[in-house]
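Trainee: What follows is a single structure, and I will ask about it in a moment.
The values are calculated or read from the model by the stated rules, or taken from the named source; none is laboratory data. It should be emphasised that the depicted structure is a prediction, and the values quoted were computed from it without experimental measurement. Here the Cβ positions follow ideal geometry from the backbone for every residue, glycine too, while neighbour counts run over all protein chains shown.
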Amino acid sequence: MRPVILAIESSCDETSASVISNGKVLNNIIASQAVHQKYGGVVPELASRAHQQSIVWVVDEAMQKSGKKLTDLDAVAFTRGPGLIGSLLVGVSFAKGLSLGLNVPLIEVNHMQAHVLAHFIDDPKPRFPFLCLTVSGGHTQIVLVKDFLDMEVIGETHDDAVGEAFDKAAKIIGLPYPGGPLIDHYAKQGNPKAFSFPDSAMPGLDFSFSGIKTAFLYFIRDEKIKNPAFVEENMNDICASIQHHLVKMLLTRVQQAVKQTGIKQIAIAGGVSANSGLRTSLVALGEKQGWDIFIPAFEYCTDNAGMIAMAAHYKYLKNDFCSLDVTPLARMPI
Ligand code: KG4
Ligand code: ZN
């Protein structure tokens, strides 16, 4: 069953490897880095070192669990960008070494394209064209997906990403990094209408999350002056309300994108697509509007090499290989 490809992801704080055979992702090994928690965000230098520590065993485990041998590989793929340069360098260099040693081609993958292509790992798969709301710690984009490797960003954030907004809001109320999943957790028991926040007006399909971050900071500061135990006493409602607001900001733009393009197949991707509020609201909106909704399995929402492997498969079919002098890119358009 060909092609057999080993894919490596190391763009931020997850070291991951995956083996794909004939378009089927065989496994998806992920080593998360706990070292950043006490700093309240990813520390690039520590991320690079942690990738160095994990990459050999992560790749080894992916190979072993796939039942394939290194000599079965037809290509080696890696995330070229966007991401943290020091982190990317670990994966790029490791992939180059393997490609050279095994004498197989090298495939560079765009991390943001890969988030979208995570939808082709399992069924049901969207048909082209579709819209993908890609929401992570570094990006917030509405992508018009015309084909596997033909995508256009039709809306994006002018400042913070929505994942950053989740994480910063969490930090303001004293939750550890990454706070997005914790906000999601507390929100499940809270009232989403308990507190309201101002809307931000952006042109077209673009987003801005810096205003809501500041508004939330001042809201918490003012409430704590009145009642120092405000956060502890209202944790569930605060989380439910800020989550509701952020999800509303995302879905308003998706509705506009549908109106503008006439496309009614909507997918979500990226770390924030693991958010249960976003998932439920999107499904409900889809039912109301008659859209087809595509949501990846949790393990393919946050950073993972399975999605890199999927993108690499389509690139392999197009003989889209790169040379050994390729360098990682901190910024890389989709
Ligand atoms: O895609 P990802 O793993 O890494 C980047 O490429 O950025 O996304 C990480 C982001 C973080 O901001 C994290 O807080 C957020 O995704 N996230 C969530 C949830 N799970 C992860 N945000 C809200 N609710 C969640 N359940
Ligand atoms: Zn990502």
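Trainee: Mind telling me which of the residues Ser99, Ser136 ends up being at pLDDT below 95 and in contact with a strand residue (DSSP E or B) (Cβ under 9 Å, 6 or more places away or on another chain)? Show your work before the answer.
Mentor: Numbers: Ser99 fails: at pLDDT below 95.
Matching residue, one of Ser99, Ser136: Ser136.
Trainee: Further question on the same structure: All but one of (1) among the β-branched types (Val, Ile, Thr); (2) surrounded by fewer than 23 Cβ atoms within 10 Å (Cβ to Cβ); (3) more than 16 Å from ligand 2 (Cβ to nearest atom); (4) in the same structural domain as Ser10 (by TED's automatic domain parsing) hold for Ile107; state the number of the condition that does not hold.
Mentor: Going through (1) among the β-branched types (Val, Ile, Thr); (2) surrounded by fewer than 23 Cβ atoms within 10 Å (Cβ to Cβ); (3) more than 16 Å from ligand 2 (Cβ to nearest atom); (4) in the same structural domain as Ser10 (by TED's automatic domain parsing) one by one, Ile107 breaks only (2).
Trainee: Return the residue satisfying two criteria in turn: it lies in segment 188-213 and is among the small types (Gly, Ala, Ser) and within 17 Å of Glu164 (Cα to Cα), and of such residues it is modelled with the lowest pLDDT.
Mentor: Only one residue tops the list, namely Ser200.
Trainee: So in segment 143-165, with the set limited to residues that are within 16 Å of ligand 1 (Cβ to nearest atom) and assigned to a strand (DSSP E or B), which one is farthest from Val247 (Cα to Cα)? It would help to see each step written out before you state the result.
Mentor: Looking only at segment 143-165, we keep the residues that are within 16 Å of ligand 1 (Cβ to nearest atom), and these are 143, 153, 156-157, 159-165.
Those left that are additionally assigned to a strand (DSSP E or B): 143, 153, 156-157.
Numbers: Val143: 17, Val153: 20, Glu156: 15, Thr157: 14 Å.
Among residues in segment 143-165 that are within 16 Å of ligand 1 (Cβ to nearest atom) and assigned to a strand (DSSP E or B), the one farthest from Val247 (Cα to Cα) is Val153.
Trainee: Quick check: anything in segment 294-309 of a type outside the set (Phe, Trp, Tyr) and over 19 Å from the mean Cα position of the chain (by Cα)?
Mentor: For segment 294-309, residues of a type outside the set (Phe, Trp, Tyr) and over 19 Å from the mean Cα position of the chain (by Cα): absent.
Trainee: Here are some residues: Gly40, Gly23. Which one is on the phi > 0 side of the Ramachandran plot, surrounded by fewer than 22 Cβ atoms within 10 Å (Cβ to Cβ) and modelled with pLDDT under 95?
Mentor: None of the others qualify; the one that does is Gly40.
Trainee: Does Leu6 qualify as being surrounded by fewer than 19 Cβ atoms within 10 Å (Cβ to Cβ), of a type in the set (A, V, I, L, M) and in contact (Cβ under 8 Å) with a residue 12 or more places away in the chain?
Mentor: Numbers: surrounded by fewer than 19 Cβ atoms within 10 Å (Cβ to Cβ): no; of a type in the set (A, V, I, L, M): yes; in contact (Cβ under 8 Å) with a residue 12 or more places away in the chain: yes.
No; evaluated as a whole, the condition is false for this residue.
Trainee: Report yes if Asp13 is among the acidic types (Asp, Glu) and more than 21 Å from the chain's Cα centre (by Cα), otherwise no. Explain how you work it out, then say what you get.
Mentor: Numbers: among the acidic types (Asp, Glu): yes; more than 21 Å from the chain's Cα centre (by Cα): no.
Spelling it out, it is not the case that Asp13 is among the acidic types (Asp, Glu) and more than 21 Å from the chain's Cα centre (by Cα).
Trainee: A further question follows. Of Ala118, Ala169, which residue is away from ligand 2 (no atom under 16 Å from the Cβ), in contact (Cβ under 8 Å) with a residue 24 or more places away in the chain, in contact with a Gly (Cβ under 8 Å, 6 or more places away or on another chain) and in a helix (DSSP H, G or I)?
Mentor: Residue meeting the stated conditions: Ala169.
Trainee: Still on this structure: Go through segment 119-131 and count every residue that is buried (at least 18 other Cβ atoms within 10 Å of the Cβ) and over 16 Å from Phe298 (Cα atoms).
Mentor: Number satisfying all stated conditions: 3.
Trainee: For segment 174-204, how many residues meet the condition of being surrounded by 21 or more Cβ atoms within 10 Å (Cβ to Cβ) and assigned to a loop (DSSP other than H, G, I, E, B)?
Mentor: Summing the residues that are surrounded by 21 or more Cβ atoms within 10 Å (Cβ to Cβ) and assigned to a loop (DSSP other than H, G, I, E, B) in segment 174-204 gives 4.
Trainee: I'd like to know if segment 97-104 contains one or more residues that are touching a residue at least 12 places away in the same chain (Cβ under 8 Å), surrounded by fewer than 20 Cβ atoms within 10 Å (Cβ to Cβ), more than 20 Å from Cys301 (Cα to Cα) and not aliphatic (A, V, I, L, M).
Mentor: Within segment 97-104, not a single residue is touching a residue at least 12 places away in the same chain (Cβ under 8 Å), surrounded by fewer than 20 Cβ atoms within 10 Å (Cβ to Cβ), more than 20 Å from Cys301 (Cα to Cα) and not aliphatic (A, V, I, L, M).
Trainee: Need the failing condition index for Lys96 against (1) touching a Gly at 6+ places or on another chain (Cβ under 8 Å); (2) within 25 Å of Val326 (Cβ to Cβ), just the number.
Mentor: (1)
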